[in-house]
Amino acid sequence: MTMFKIIAFVLLMAFAGREFACAAAGSFLCSFEKCDMNLSMLSPEVQIGRYLFKKIFLDAKADFAGISTEATAVNNIGELELSGKLRNLEQLKDIVKSSDGVSGVISVCAEGEEGFIQEQLSRAAPYIFRRDNKVRLLTHTVPVNVNRGQFLAILDAYEHWKKEAKEAKDELYKNDVLLGVLMLGNGSRVSPFTQRMYGIKAFLPSIFQPEGYNGYLHSGTASLYSWNLVAYHLKRMGFRGIAWKWSDEPQISANDMNKLGFDLSQTDIVRFGSEVFVTEELAKTKEWLWRIRETGDLMMQIHRRPYKELLNRFGIKDRGQKVKAFVHNGSPAFSYLFLEEAQKIFGKFTDRAIDVDGYLVEALTLDEATWKMELSRDAGLRKFVQEIPDFYELCRQLKLNIESIRRCKLDIKVIDFGKKRYCADYGNLFGSRISFQELRLNAEEGRVARVLANIDNIASDPYGNIIYGDSLVPGDGSVCNSVVINTKIYGTDNNINGAVLINSECANSQIAEGSVVWGSTLIAAIIGERSFSFMSVREALNIPSDTGHTSIPVLSLTGDAVKGLENWRSDIIPGGIEKESYTEARFGNPGSFWELSERMKNREIQVEMIEKEIDEKFRAPLRRKMKAIEQVQLFRETGEALHMDTQVWNFVEQAV
């Protein structure tokens, strides 16, 4: 009976006409996705398609989907719970301690940055990969001002890895899952903080502090740390290849990854995603995955587009309703076989750029008719194929080659990270500020953030503050509902409420709710709501609401390394600043962010020397004043004799 229904459905598709068939097929996919909508919200064609699909195909769905009949296979984890994230975090810690983490890591970065990145990863490796430190670290560089795109950069890096492994006579990695991270990009949406970190986007700080590690991981290192758990479970399920990660988005699945039961031994691509409500912003900036929920099989990937066009692609009429769909979470995993075969086909493109989310997976999953339809609709795709006219044919050839070797269809799996996965977006100032502010929240986001920062067991003081590390906080209630980590706060004229302060020192400052202060030295600062002071060094600094500020060193060609510090600012808005704001002088800055980036990247002075002079010439005088403020406070409260150097004493006399 099941076979009869399948044949009947195929005949229906053959005779119903292309548009009607597409509507029915689309309805079939929607039924798996269980979109959150009423039938009345769907177009008439799709309603008919859904009806016919249910009538003819419902009983055969399990056979068609290829659902495992094994009782132990659990491929749909179900509803998100906070405990899922916490269990994943606990297991992440365990695989590092037991040295069951990855044995190889490939970092792709711009030429000139490899020394910084290698040093950071080497220092962090025993705390984020495996405690025995038996991990090979390879840094692959891309020449400055050369754009290879994500995919070609990945292929280049894999060739580099194979060459190194062959020379070392070590090819054991083929039975393992490696980690890879792309630390490319100019970090324009995090300007001017990226420039303060010498133009290296992946060097921006995160809240991640693994057990035993001294300090906080940079965003690129934190991304790799979070993906160590993903690589572990991919290997457990039989996958062999490289799990890639973009450098600015550490993620933790909301679903307990131990419950994943896929067989990935024949899988060549793994994508990760979550079900979300579709918004205009997401529609335009993300790719969408149509998958069979029960098996995780990817049926097709839909490229980003305006909201109404996306709904139309889903076969849904926009009537103001909320629509759920499955969005990808970024980076993929590629099997070694896929990378080998892709290199044979795309390795010849030495002067081109191909992104992973630049139509690659679309070309592998769309039929020719749909591809042509996309060509007529998408100006970006038409521009892309002008550079590589036979791109679709090359991707189809790649697919056929892999299918010939494996003797089965190209298998692309989707792993569900849950509706409320943890994702820290350090790729823009808005997301970065939120990631730090989550440390003080009472909701589940706050609990997870405090576990990541290793401060989850610290009780609040009487004023609602979480205080950790080498910190000093006035006990008069002038600081409340805040998170204070390795930070000293001096004076009797503070008003700090709902802020997060890390690795900083300040005195007599007003810091409003929602703001973050990281690595700053401030006296008499006024910081508005939802603002971010990053490595600011200044007295009487005023940062308006929703603004980022940093102090940029003015470098000297002769003599001292640092001549002075400049104020640089940027708006903090969702999605980051506009492109024009990167190339033009705005926000009252001395120049454009692009000019500043070139200046910091092309410096001839070592980073250590720059930071040493900033500390000695600009931070130290402010610290002496803070010490005087502390002594004045002590004198007024106790009348005790003061013991300090002449310079500080002079400042105290003026204050008293």
Legend entry - Set Leu400, Leu410: member being among the hydrophobic types (A, V, I, L, M, F, W, C), buried (at least 18 other Cβ atoms within 10 Å of the Cβ) and out of contact with any Pro (no Cβ under 9 Å at 6 or more places or on another chain): Leu410
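Here are some residues: Asp456, Asp470. Which one is open to solvent by 10 Å² or more (accessible area, probe 1.4 Å), touching a Lys or Arg at 6+ places or on another chain (Cβ under 7 Å) and not in a helix (DSSP H, G or I)?
After applying the criteria, what remains is Asp456.
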Inset, instruction - Consider only pairs whose beta carbons are under 7 Å apart and that are at least six residues apart or on different chains; among these, list those whose first residue lies in the stretch 589-611 and is within 19 Å of Phe203 (Cβ to Cβ) and whose second residue is open to solvent by 20 Å² or more (accessible area, probe 1.4 Å) and assigned to a loop (DSSP other than H, G, I, E, B). - result: Ser597/Asn186
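Of all residues being assigned to a helix (DSSP H, G or I) and touching a His at 6+ places or on another chain (Cβ under 8 Å) in the stretch 194-213, which is modelled with the lowest pLDDT? Just the residue, please. Give the derivation first.
Of the stretch 194-213, the ones assigned to a helix (DSSP H, G or I) are 194-196, 201-203.
Adding the requirement that they be touching a His at 6+ places or on another chain (Cβ under 8 Å) leaves 202-203.
Details: Ala202: 71, Phe203: 79.
Of everything passing the filter in the stretch 194-213, Ala202 is modelled with the lowest pLDDT.
On the given criteria, is Tyr216 assigned to a loop (DSSP other than H, G, I, E, B), hydroxyl-bearing (Ser, Thr, Tyr) and open to solvent by 10 Å² or more (accessible area, probe 1.4 Å)?
Here the answer is yes, as Tyr216 does meet what is asked.
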Legend entry - Selection status of Val516, open to solvent by 10 Å² or more (accessible area, probe 1.4 Å) and in contact with a helix residue (DSSP H, G or I) (Cβ under 6 Å, 6 or more places away or on another chain): no
Inset, instruction - Please go through the stretch 299-335 and pick out each residue that is open to solvent by less than 20 Å² (accessible area, probe 1.4 Å), under 30 Å from Ile405 (Cβ atoms) and not in a loop (DSSP other than H, G, I, E, B). - result: Gln301, Ile302, Phe326, His328, Ala333, Phe334, Ser335
Inset, instruction - Take the stretch 531-580 and flag every residue that is crowded, with 18+ Cβ neighbours inside 10 Å, small (Gly, Ala, Ser), in contact with a strand residue (DSSP E or B) (Cβ under 8 Å, 6 or more places away or on another chain) and at pLDDT below 90. - result: Ala561
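In the stretch 478-493, what count of residues is obtained for those that are open to solvent by 10 Å² or more (accessible area, probe 1.4 Å), under 18 Å from Phe635 (Cβ atoms) and of a type outside the set (Val, Ile, Thr)?
2
Select from the stretch 135-148 the residues that are open to solvent by less than 50 Å² (accessible area, probe 1.4 Å) and closer than 20 Å to Ile200 by Cβ and list them in ascending order.
Leu137, Leu138, Thr139, His140, Thr141, Val142, Arg148
Of the residues that make up the stretch 350-368, is at least one among the hydroxyl-bearing types (Ser, Thr, Tyr) and surrounded by 14 or more Cβ atoms within 10 Å (Cβ to Cβ)?
Taking the stretch 350-368 as the starting set, the residues that turn out to be among the hydroxyl-bearing types (Ser, Thr, Tyr) are 350, 359, 365.
After this cut, where a residue has to be surrounded by 14 or more Cβ atoms within 10 Å (Cβ to Cβ) as well, the list is 359, 365.
Yes, the stretch 350-368 has at least one match.
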Inset, instruction - Kindly check whether there is at least one residue in the stretch 418-425 that is touching a residue at least 60 places away in the same chain (Cβ under 8 Å), within 30 Å of Ala222 (Cα to Cα) and outside any loop (DSSP other than H, G, I, E, B). - result: yes
Inset, instruction - May I ask you to verify whether Leu429 is farther than 23 Å from Asn214 by Cα, touching a Lys or Arg at 6+ places or on another chain (Cβ under 6 Å) and crowded, with 18+ Cβ neighbours inside 10 Å? - result: no
Legend entry - Criterion: under 19 Å from Ser253 (Cα atoms), out of contact with any Ser or Thr (no Cβ under 8 Å at 6 or more places or on another chain), surrounded by fewer than 20 Cβ atoms within 10 Å (Cβ to Cβ) and modelled with pLDDT of 90 or more - qualifying residue of Val270, Val276: Val276
Inset, instruction - Quick one: in the stretch 99-129, of everything that is part of a helix (DSSP H, G or I) and of a type in the set (Ser, Thr, Tyr), which residue is farthest from Leu234 (Cα to Cα)? - result: Ser122
Inset, instruction - Six or more apart or on different chains, Cβ under 7 Å: which pairs go from a residue in the stretch 458-472 that's under 23 Å from Gly519 (Cβ atoms) and among the hydroxyl-bearing types (Ser, Thr, Tyr) to one that's modelled with pLDDT under 95 and surrounded by fewer than 17 Cβ atoms within 10 Å (Cβ to Cβ)? Could you list them? - result: Tyr468/Ile458
Legend entry - Cβ pairs under 8 Å, 6+ apart, first in the stretch 99-120 and more than 14 Å from Ser219 (Cα to Cα) and open to solvent by 20 Å² or more (accessible area, probe 1.4 Å), second charged (D, E, K, R) and at pLDDT below 90: Gly112/Lys601
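Would you mention how many residues in the stretch 473-498 are assigned to a loop (DSSP other than H, G, I, E, B) and closer than 16 Å to Ala453 by Cα?
3
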Inset, instruction - Say whether the condition of being under 22 Å from Leu282 (Cα atoms), open to solvent by less than 10 Å² (accessible area, probe 1.4 Å) and part of a loop (DSSP other than H, G, I, E, B) is met by at least one residue in the stretch 372-390. - result: no
Legend entry - Unmet requirement for Gly238, which otherwise passes all of (1) assigned to a loop (DSSP other than H, G, I, E, B); (2) surrounded by fewer than 22 Cβ atoms within 10 Å (Cβ to Cβ); (3) out of contact with any Leu (no Cβ under 6 Å at 6 or more places or on another chain): (3)
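The values are calculated or read from the model by the stated rules, or taken from the named source; none is laboratory data. Fair warning: this is a prediction, and the values are worked out from it, not measured in the lab. Cβ coordinates were reconstructed from backbone atoms using ideal geometry, including for glycine residues, and neighbour counts include every protein chain displayed. When the accessible area is computed, the model is the full protein with side chains, heavy atoms only, and any ligands, DNA or RNA have been set aside. Shrake-Rupley method; radii C 1.70, N 1.55, O 1.52, S 1.80 Å.
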